[in-house]
Amino acid sequence: MAEKLSFELVAPERLLASIDADMVVIPGSEGDFGVLPQHAPLMALLRPGVIAIYQGDQVDRRLFVAGGFAEVNEAGCIVLAEKAEPLEEIDLGSAQQTLKDAEEDLADAKDKPEAERAPFERAVEVARARVEALGSDATH
């Protein structure tokens, strides 16, 4: 049997994945990166996006992460996410409304100092990534 990668995705509210996979593609802050069995050790910050878990050459599961970090070591790969959810649990209408509300909040904060606008900008970034993840789900 071919070697598998031990992968775990942990969010504050629950463990979303603890499986052996052939490959995992993770949305790193510098771009997406794939992790295979025996990958070199690394630590990486994550941007909001989708983690794709592969079994063979097919995507088996797709999970949205709002950010966090990933550690790859000899034991496998673990992602500690700020927030995470399976794509099938995200309602497109609700995600679009969240984005609209976040954009309105950011617009209302336009005259505030940069440090006070930062949380609103982050909320828009995460909300936009959730909506985009659902839009791209039809192609995967």
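What to note about this one:
- GNM remark for the chain: springs join alpha carbons under 10 Å apart, and the peak mean-square fluctuation among 83, 112, 100 falls on 112.
- Residue 69 exposes around 80 Å² of accessible area when a 1.4 Å probe is run over every protein chain in place.
- Rolling a 1.4 Å probe over the protein heavy atoms leaves residue 29 with an accessible area of roughly 60 Å².
- Rel. contact order, % - alpha carbon contacts under 8 angstrom, at least six apart, segment 5-140: 21
- Amide hydrogen neighbours beyond the local backbone of residue 83, cut-off 5 Å, H modeled: 66, 67
- Summing charges over neighbours of residue 22, with a neighbour being any other residue whose Cβ is under 14 Å away from its Cβ, gives -2 when K and R count +1 and D and E count -1.
- The C-alpha atoms of the chain define a longest principal axis, and helix 92-108 lies at about 50 degrees to it.
- Backbone HN-Hα couplings from phi across segment 10-21 [Karplus 6.51/-1.76/1.60, Hz, Gly and Pro as x]: 10, 10, x, 8, 5, 8, 8, 8, 8, 9, 9, 10
- Computed log₁₀ I(q)/I(0) - Debye formula, equal Cα scatterers, no solvent, segment 38-83, q 0.17, 0.19, 0.30 Å⁻¹: -0.53, -0.66, -1.07
- For the chain, the longest principal axis of the alpha carbon atoms and the long axis of helix 114-137 meet at an angle near 50°.
- Of the beta bridges in the chain, as assigned by DSSP with both residues counted there, near 90 percent are antiparallel.
- Backbone geometry of segment 36-43 corresponds, through the Karplus equation with coefficients 6.51, -1.76 and 1.60 at θ = phi - 60°, to 3J(HN,Hα) couplings of 10, x, 6, 5, 4, x, 6, 10 Hz, x marking Gly and Pro.
- Computed over the chain, the per-residue total of -39500 (n - 2.57) for DSSP H runs of n ≥ 4 gives a 222 nm mean residue ellipticity of -10000 deg cm²/dmol, rounded to 500.
- Counting only protein heavy atoms and using a 1.4 Å probe, the accessible area of residue 16 comes to about 20 Å².
- 10 Å-binned pair-distance histogram of the chain (Cα, whole percent): 12, 39, 31, 13, 4, 0
The values are calculated or read from the model by the stated rules, or taken from the named source; none is laboratory data. Just so you know, these numbers come straight off a predicted model, no measurement behind them. We place every Cβ from the backbone using ideal geometry, glycine too, and count neighbours over all the protein chains shown. The protein model used for the area step is the full one, side chains on, heavy atoms only, and it has no ligands, DNA or RNA in it. Shrake-Rupley method; radii C 1.70, N 1.55, O 1.52, S 1.80 Å.
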